[in-house]
Every structure is written in structure tokens, then in C-alpha cells.
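Quick note: the coordinates plus some simple rules give every number you see, no bench work behind them. Small disclaimer: the values here were computed from a predicted structure and weren't measured. Neighbour counts run over all protein chains shown; Cβ positions are idealised from the backbone, glycine included.
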Amino acid sequence: MHRTHTCGELRAANIGQTVTLAGWVQRTRKMGGMSFIDLRDRYGITQIVTDEASSKELNDQVAKLGREYVIKVTGEVCERQSKNPKIPTGDIEIKMTGITILNEAQTPPFTIEDESDGGEELRSKYRYLDLRRAPLKRALELRHRMAHEVRNYLDEQGFLEIETPYLIKSTPEGARDFVVPSRMNPGQFYALPQSPQTFKQLLMVAGYDRYFQIVRCFRDEDLRADRQPEFTQIDCEMSFVEQEDVLNVFEGMMRTLFKKVLNVDIPNPMPRMSWYDAMDFYGSDKPDIRFGMKINDLTSDLKGHGFSVFDSVEYVGGIVVEGASEYTRKQLDELTEWVKRPQVGAKGLVYVKVNTDGTIKSSIDKFYSPEELKAVADKCGAKVGDLMLILCGAKRKAQTMLGVLRVEMGNRLGLRDPHTFAPLWVVDFPLLEWDDETNRFYAMHHPFTAPKPEHMDLFYSNKKEDLERVCANAYDFVLNGTELGGGSIRIHNADVQERMFEVLGISKEDADYKFGFIINAFKFGAPPHGGLAFGFDRVCALFGGQETIRDYIAFPKNNQGRDVMLDSPSKIDDVQMDELFLKSTYVEK
Ligand code: ASP
């Protein structure tokens, strides 16, 4: 046996025992005649000690050790002279009687400490070394625990975990597919699933009325915003349910996770907000409700006063930043530049300050009397010492910009503590979204989402304004300004599904070619059904109080979609290309 205990296990109660530990050398130190080793494994660090007086040979052995050597040490558990309250094993140390070097190690290219000196790229290249660091270990432990609790909860609720294939046909989530050439079917390609959407619906047709899967999904998207080309969903579907049933089951799942993993109680019931309110008051379909600073519609107050910027737009809106009237000219200029960045897209920023002496100061003084501005401030609840920030434009666009500004001000004011959790359901999404560029409707969620029954007439109308008003029983689970999950009640009728494809401008032939199998299945007795999926990586990251999902994935890709450790994607050899009947047209620059 290589070890009797782990490096995180021994305590004062073990004093006097003879033990064998194995692990990696975190560091060695020499102090006078004494030598120390910090020995590390997955479970923690234990101090090993030897002194020249009792064994010169052992001491010499320690001198030979380098960082990350794998060793096995035998010795007696002793009380430590200078205790280290920072680590659980800090009361004891092992007085070494024997040591074996199990394997040597090259000097690692970065320090394996909580705060490493290695840059992102270097650590990715040596991911297996990075994974030795405690913060990553904690992240993967958290992920394991979460998956375990999800399985327990859903099992208790009667869900079956069923795997679905990865080599499939194009799926409907709206991103680009990753494709895989088929050697046995020359010239033909599989697509990797963007989600198991169609399969889980087919499982409902098959009668498996509660399905779930913790499953990998693949989307070939630009990866700027902390996304991964392959990521994991907790994917679920239920039959004979209405929206309320789905929300209850999954609110329960999240409540259980919060309680069991973080010992946090989330509000019961969880707040719900319509998509329209989310947009109007938070400028986002994933509102961060940890703080207020809601958007106020000031269109009727500020339009028509001769200020051409406001007079020429559809919408004017503002937020109140509490206690920020002291913002200097320089700070306001900087903020104006900030909203003009392409990521926000505003043309300019108007401010109204309610000074601490009660006077009003604004960048639009010329066009509005102090009384008019005071009335606006009062309407928005701006008090003495507050600052109002105002943007304008087309309604949803301006609201979205205000939403981005609101979050930024929330950050600047320290209102977004990652350890405060404010979940909610956003409900009543529009079914369709018009795109001016391509001049057609897109499904806001995906094309299998059902229109609300009371909106069926609108759904069959051929007028754009009618179709824009159709709502769906679609819902998103939002936490701290991040969408963690979403789903909908589905279409379960072949005619309605065909109408949906028609509304989306997908020809009958195309719909048949891509989704004929599911339209067909609906003709064989499809039950009413609905479901949702959670982005598991992101749920883990938020539970861990982190914004990035990379730490919660053992082997993530970088934001060019590369695995820098494997150096993949990479070319394949000509034989392989020929077997697949492939020829690359890419010309290297
Ligand atoms: N398949 C959907 C998604 O990946 C989730 C769902 O509608 O259940 O977003």
C-alpha cells in the first residue's frame, strides 16, 4: 500500500500513530539542522519533518527533492511546535522515518499555489498542473457535488436519466453546428447536438414522461463572452404538464441545490417577472435584481421641449444612481465615453444632478427649466445627492443600453456581491423576434416553443404586428444578471409545428428535410409536454462565486476554441482526408 492516510486527514487525535503518506512536494525548507517538506495531495497538505541529528541520510534525501516530486513518506504523527491554524492539519507534523521517491518531476513552469504566477495561456498548456492547485480542485469538487445533488433530486422526483446520441442531424438552437464527416456515408455529415432538444421531445412521444440528462452540447459560436464550444446542460423534459408544473419542479431543484450545497435559502416562491417588465425596468431579459436602480420611462416628460436629440427619438429613459451627485465633470466625461463604446452603442449621455444643496445641475439646462428637471427627478425618486443618467433612442435599444449602464453603475457602486443570490423566473417571452437585416422572424427561444393558447389566432394571422404580439409559455431562470436556464411548453401538434416553420420562413421541403422526423412523430400521439435546460457550467461557477466557467471545466478551450494543451484543432493527414472524401480549400497565409 502506498499510503495509510491522505495529506488532508491527520489531526491531533492521530498523534503517536505511524503513518505512510504519498503525494507531491509542494516545497521543502531547511532551517538549521531541520528539513521540512510540505506534502500535498487532493485532500490537503501535511508537514513532514526530519532533523540531521536523528538521520543524516533522510536529511540528505530531502535536499534532493524538487518541487512536484512524487514521494512516499513514513513516520510518526507528532504535535507541531509552531502550529499553523490556516490548514486543517496544522496541529501536527510527521516525523519522517523513511522516504521513497516514486517519481521525479521537472520544475513546473509556474508555481502551484492558490495564486499562481503563471499566465492563462501557460496554465492552459499545462492544465494537468494547473488542476493541482487548490482553487481548481475546489471548483471541480463543487461541480461533482452539484451533479450529485441534481441526480438525487431528479431521481426522487421520478425522472429517468437517458442518454441521447452525439452524432446526429442539425438541431434548432440557432447557433452554427459542428459537423463530423461520415466515412461510411461518403459526402455526408453528422452534426453534433446543440442540445438534445428533438430527442427529449421524441422521448415524450415515446412515453418517458420525466426525462433528464447531464449532457454535453456543442455550438460553433464566437466565444467572446465566457462561452465554451462544448458545454454541459442539465437537460429536462416532462409530459402532461403546464408551465406552472415545470417551474415548480425546477424551482425545487434550485432551492435544493442552494440549501444543500451553499446552505442558502432562496425566496419561496421565487419572484417572477414578465419579459416586458424585465425589458422596461431593467433593460435586460436577465435582470440583476440584487439592486434597484430601475429604468424610468421619461419619454413623455422630456420629448417636445425643443431639445432635438430627444424630440427625434422614440424613447427617452433614465436611471437614478444614488449618492452620485458628486460625480465630477471628468468622471461624467469618462462615463459618456464609456456609453459610446461599441459594446454599449449610445450616441451620448445626459445627466441631471440633484446637488446636496438642493439645486439641479444638468447637461440639458438650456432646454429645460429647473422646475421641469425637478419634476423629472421627483418622478424617478431621485433625492438630494443623487445623479440621474439619461439615454435615448429606439425603445428596446435604448432600454438595453440603459440596462448595460445600470449594471456598470451597480459594479462601480459595489452593489453586485457575488455571494448574494437573487434568482427569479422571467416569463411570458414573445414567441418571435423580427430581424430587420434578414427581414424575417426568428424564434425567440427555438422553433418547438408553443404559442400561448390564447394567442393562437394571432399566430395564424399574416400581419407582422400580430405575430410580434404572440407570447409563449417560455421561461428563463435568471440569477444575478445571468441566464442560467430556460425552456418552454412545446408544440405537440404537427399542424401547429408546420405553421411555426412557415412563420419562420422555412420552406416545407426544408422543414421536412431537417425536422420531418419530429413532425411525423407528432402524428403518432404526442402528449402535451414542456421542459427546460440549465447551463450546468455556469450554475457551478455562480455557486462558486465566480464569473467565469473555465475553472469549473476540467479541460476547457480558450476563446479561439482551441485546446492549447492538445494543440487542437489540428490538421489530419492526407490518408484520413481521402478516406473521408475531403479536400481543404483553406489557403494558409
Ligand atoms: N434546448 C433548449 C436550450 O438548449 C432548452 C429547452 O428548451 O429545453 O436552450
For SER568, SER239, SER488, SER182, ascending order of other Cβ atoms within 10 Å (fewest first) is SER568, SER182, SER239, SER488
Relative to the Cα centre, what is the charge dipole magnitude of the chain, using +1 at the beta carbon of each Lys and Arg, -1 at the beta carbon of each Asp and Glu, and rounding to the nearest 20 debye? 1340 debye
Here Rg/Rh (Cα, Kirkwood) for the range 124-236 equals 1.04
Let me know the Rg and Dmax you get for the range 209-326 when you use only its Cα atoms, in Å. 20.8, 61
Which of LYS286/LYS361; LYS347/LYS395; LYS86/LYS557; LYS286/LYS347; LYS294/LYS340 have a Cα-Cα distance over 26 Å? LYS286/LYS361; LYS86/LYS557
Taking R0 as 41 Å, what's the FRET efficiency between ASP436 and VAL264 from their Cβ-Cβ distance, rounded to 0.05? 0.45
Expressed to one decimal in nm², the mean projection of the alpha carbon convex hull of the chain is 36.9 nm²
Principal axis box of the range 28-148, alpha-carbon based, largest edge first, Å: 48, 30, 23
Among VAL49, PHE581, ASN520 the positive-end extreme of the charge dipole of the chain (Cβ point charges): VAL49
Please list, in order along the range 541-549, the HN-Hα scalar couplings obtained from phi with the Karplus expression 6.51 cos²θ - 1.76 cosθ + 1.60 (θ = phi - 60°), rounded to whole Hz, x for Gly and Pro. 4, 5, 5, x, x, 10, 8, 9, 7
Determine, for LYS452, LYS83, the number of other Cβ atoms within 10 Å of each Cβ, and report the residues in order from fewest to most. LYS83, LYS452
Short version: ³J(HN,Hα) in whole Hz for each residue of the range 443-455, in order, from phi by Karplus 6.51 cos²θ - 1.76 cosθ + 1.60 (θ = phi - 60°), x for Gly and Pro, what are they? 6, 5, 9, 7, x, 9, 6, 7, x, 4, x, 6, 9
Evaluated over the range 479-525, the Cα radius of gyration and Dmax, each in Å: 14.1, 43
Using the count of nearby Cβ atoms within 10 Å as a rough guide to exposure, how do ASP365, ASP476, ASP277 rank from fewest to most? ASP365, ASP277, ASP476
May I have the convex hull volume per residue, in Å³, for the Cα set of the range 401-521? 137 Å³
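With charges only on Cβ, +1 for K and R and -1 for D and E, what is the dipole size of the range 426-475 about its Cα centre, in debye, rounded to 20? Please list the in-between numbers first.
Numbers: 5 positive and 10 negative charges, 32 e Å.
Once rounded to the nearest 20, the dipole reads 160 debye.
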Contour excess over end-to-end distance, with Cα ends at ASN559 and GLU408 and 0.36 nm allotted per residue: 52.0 nm
Could you tell me how many cubic angstrom of Cα convex hull volume the range 444-588 has per residue? 223 Å³
Please give me, ordered by residue number, the trypsin sites (Lys or Arg not before Pro) of the range 159-225 that lie in loop per DSSP and have at most 16 other Cβ atoms within 10 Å. LYS169, ARG183, ARG224
Determine by what factor the alpha-carbon radius of gyration of the range 247-316 differs from 2.2 N^0.38 Å, reporting the quotient. 1.70
